[in-house]
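Here the structure is laid out as structure tokens; the discussion comes afterwards.
The values are calculated or read from the model by the stated rules, or taken from the named source; none is laboratory data. None of these values were measured; they are calculated from a predicted model. Neighbour counts are summed over all protein chains in view; Cβ atoms, including those assigned to glycine, are modelled from backbone coordinates with ideal geometry. The area values use the complete protein model at the heavy-atom level, side chains included, leaving out ligands, DNA and RNA. Shrake-Rupley method; radii C 1.70, N 1.55, O 1.52, S 1.80 Å.
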Amino acid sequence: LPRVVRETLEKYHSRKEKAKLEQEIRMKNEALEHANQELRKLDQLKSEFIASVSHEFRTPLNSIQESLALLGDGVVKLGEAKGNRVLDIAMNNLNRLKLLIDDLLDFSKLEAGRMRFDKQTQDLADILNEAVDSMRGIAQKKGLSLQWEGPAGHPGVLADRTRLLQVLTNLVDNAIKFTPPGGQVRITWALEQDHEVKVMVSDSGIGIAKEDLARIFDKFEQVRNQMPGTELRGTGLGLAISKQIVEVHGGRIWAESEPGRGSRFVFTLPCEGYMPQEGK
Ligand code: ADP
């Protein structure tokens, strides 16, 4: 090629190259700015989270301190009705603190990928039964009916039994917490396309606004749908923990709800076929 033509071509290419580079830099800058915004938001949420968790700790701690002071000063005495009640209150608050700490530890273990899962083939029907049995007392105490029903059969799932029970307990516990007395909480399961089981926890409670449905599973997110009479709040980590546990098991979790018309929490697990049933 003649030199002039070659030089013109080179110039043209380098200009094009420059424009391309500039465009790339602009895009990268925008992505960086976006990532920065996300980080700032997360940082803000984390600060709010620390404030609210500290508050969650403070309330039961104050109560325990007061109870112990009453007992220590002899204002109330153990073995007498009032004293026993004060001790009961202190014990309940201690249990609550323990649950909060368990949540925090579980969450940090999951985040760091340090939680061990002991997966074995489990009878799902059996696990649902156990979950309902363990929660029935709490439901009854609040005047709620709690039951589980499902098709005949015992689907097998590859799961860490304790962790799967933790997910169910958390969903049922929430259902109880956000359902006024007289309501119902129900667990059901169904087989989907032969290879997946769907577990559903439904309640007739206060429901969740559409815009909150997805974010209630995010870490540190709490929805201020305070139900009158529920002075006990959690850490807002229960669903984030449940989501991670379900995902480790190869499943998905989501919520369906309308304010005032109850909620339905659904999660899936890969199904390993049916368990052999002795004597059937
Ligand atoms: P928390 O410890 O605050 O209950 P979760 O992660 O378990 O944290 O739940 C997050 C939020 O989702 C709750 O604070 C509540 O606002 C909402 N939520 C969860 N389950 C239900 C339900 N069954 N009915 C209505 N709202 C619910």
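Tabulated values for the structure
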quantity: Some residue of the stretch 229-246 being at pLDDT 85 or above, open to solvent by 60 Å² or more (accessible area, probe 1.4 Å) and charged (D, E, K, R); calculated: yes
quantity: Pairs where the first residue, in the stretch 93-108, is within 16 Å of residue 167 (Cα to Cα) and assigned to a helix (DSSP H, G or I) and the second is within 15 Å of the ligand (Cβ to nearest atom) and open to solvent by 50 Å² or more (accessible area, probe 1.4 Å), C-beta under 8 Å, 6+ apart; calculated: 107/219
quantity: Qualifying residue in the stretch 111-121 (condition: among the basic types (Lys, Arg), over 26 Å from residue 198 (Cβ atoms) and open to solvent by 40 Å² or more (accessible area, probe 1.4 Å)); calculated: yes
quantity: Filtered residues of the stretch 45-75 (kept if polar (S, T, N, Q) and open to solvent by 100 Å² or more (accessible area, probe 1.4 Å)); calculated: 65
quantity: Positions within the stretch 173-196 being near the ligand (Cβ under 9 Å from one of its atoms) and out of contact with any Ser or Thr (no Cβ under 8 Å at 6 or more places or on another chain), in sequence order; calculated: 173, 174, 176
quantity: Residues of the stretch 153-166 satisfying the condition of being out of contact with any Lys or Arg (no Cβ under 6 Å at 6 or more places or on another chain), within 21 Å of residue 198 (Cβ to Cβ) and open to solvent by 50 Å² or more (accessible area, probe 1.4 Å); calculated: 161
quantity: Single residue of the stretch 172-196 satisfying the filter (surrounded by fewer than 22 Cβ atoms within 10 Å (Cβ to Cβ) and among the polar types (S, T, N, Q)) that is nearest to residue 274 (Cα to Cα); calculated: 193
quantity: Residue within the stretch 197-205 that is outside any helix (DSSP H, G or I), away from the ligand (no atom under 16 Å from the Cβ) and open to solvent by less than 30 Å² (accessible area, probe 1.4 Å) present; calculated: yes
quantity: Test result for residue 8, surrounded by 12 or more Cβ atoms within 10 Å (Cβ to Cβ), hydroxyl-bearing (Ser, Thr, Tyr) and under 26 Å from residue 108 (Cα atoms); calculated: no
quantity: Complete set of residues in the stretch 239-280 that are touching a helix residue (DSSP H, G or I) at 6+ places or on another chain (Cβ under 6 Å), in contact (Cβ under 8 Å) with a residue 40 or more places away in the chain and not aliphatic (A, V, I, L, M); calculated: 242, 244, 265, 267
quantity: Flag for residue 150 being without any contact (Cβ under 8 Å) to a residue 60 or more places away in the chain and either crowded, with 18+ Cβ neighbours inside 10 Å or aromatic (Phe, Trp, Tyr) (or both); calculated: yes
quantity: Number of the exception - residue 169 against (1) open to solvent by less than 30 Å² (accessible area, probe 1.4 Å); (2) part of a helix (DSSP H, G or I); calculated: (1)
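Results for (1) at pLDDT 95 or above; (2) not charged (D, E, K, R), shown as yes or no for each residue.
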residue	(1), (2)
108	no, yes
112	no, yes
116	no, no
126	no, no
138	no, yes
172	yes, yes
